Amino acid sequence: MLTSWKVLVISDTHGRITRAAMLIKALAGAIDAVYFLGDHIEDGEELSRMFPRLAFLSVAGNCDYGRKELSREVFVLGHRMYLCHGHRYGVKEGYEGLEAFARRHKYDIVLCGHTHKPYVDAQEDLLILNPGSISMPVAVYGADYAVLKLEEGKRPEYRFGDASEPVQNILHFLYEK
């Protein structure tokens, strides 16, 4: 029986997957899935082929012309999640539109990208999380990706990470009770 779900959340690779691949390889035994939030959805598909034992979900971004996978609904351990790139909700100007959408549709977790800047709004009943960009981070903000831990009946836990920190820090977070 599934009791926890650990996810690496990445976005905005823009054709540069080396850092993402190294991180996934380092975390492969500790995570259950990778959620790729767009801009070069082909990168998410390539990473999925490289790591076939992990569950991968990818959505298209504003640079993924003609792709139809603009969003996904995910249900895991009692959590109702919405994955999108964020551009259709104007997240570069703010997260109000995305939050209103999430509340209207009763999501408790929303994951998006697009801004290349990490962002979190952890309210009692809604977590909105943007991991930043794994390959083109805005250095001032100090994060390139996020990890998410889910358990049934518990609030989601998250942690941002960046490529300059030891992966052991992330592993510690994933394994702590």
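What the table shows:
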{"read-out": "Qualifying residue in the range 63-71 (condition: touching a strand residue (DSSP E or B) at 6+ places or on another chain (Cβ under 7 Å) and within 18 Å of Phe160 (Cα to Cα))", "value": "no"}
{"read-out": "Matching residues in the range 1-22 - criterion: being out of contact with any helix residue (DSSP H, G or I) (no Cβ under 7 Å at 6 or more places or on another chain), surrounded by 24 or more Cβ atoms within 10 Å (Cβ to Cβ) and over 18 Å from Val76 (Cβ atoms)", "value": "Ser11, Asp12"}
{"read-out": "Matching residues, the range 75-128, being among the hydroxyl-bearing types (Ser, Thr, Tyr) and more than 17 Å from Leu150 (Cβ to Cβ)", "value": "Tyr89, Tyr95, Thr115, Tyr119"}
{"read-out": "Enumeration of residues in the range 142-152 that are within 24 Å of Ala20 (Cβ to Cβ) and outside any strand (DSSP E or B)", "value": "Gly142, Ala143, Asp144"}
{"read-out": "Scope the range 144-177; condition among the aliphatic types (A, V, I, L, M) and in contact with a strand residue (DSSP E or B) (Cβ under 6 Å, 6 or more places away or on another chain); matching residues", "value": "Ala146, Val147, Leu148, Leu150, Ile170, Leu174"}
{"read-out": "Those residues of the range 125-141 which are assigned to a loop (DSSP other than H, G, I, E, B) and either surrounded by fewer than 15 Cβ atoms within 10 Å (Cβ to Cβ) or in contact (Cβ under 8 Å) with a residue 40 or more places away in the chain (or both), in sequence order", "value": "Asp125, Gly132, Ser133, Ile134, Ser135, Met136, Val138"}
{"read-out": "For Arg49: the one exception among (1) surrounded by fewer than 21 Cβ atoms within 10 Å (Cβ to Cβ); (2) charged (D, E, K, R); (3) touching a Ser or Thr at 6+ places or on another chain (Cβ under 8 Å)", "value": "(3)"}
{"read-out": "Residue satisfying all of: in the range 109-124; surrounded by fewer than 17 Cβ atoms within 10 Å (Cβ to Cβ) and either in a loop (DSSP other than H, G, I, E, B) or free of Cβ contacts under 8 Å to residues at least 24 places away in the same chain (or both); nearest to the chain's Cα centre (by Cα) among these", "value": "Gln123"}
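Taken together, the values in this text are just the output of simple stated rules run on the coordinates, not laboratory data. This structure is a prediction, so every number in the text was calculated from the model and none was measured. Reconstructed Cβ throughout: ideal geometry from the backbone, glycine too, with neighbour counts over all protein chains shown.
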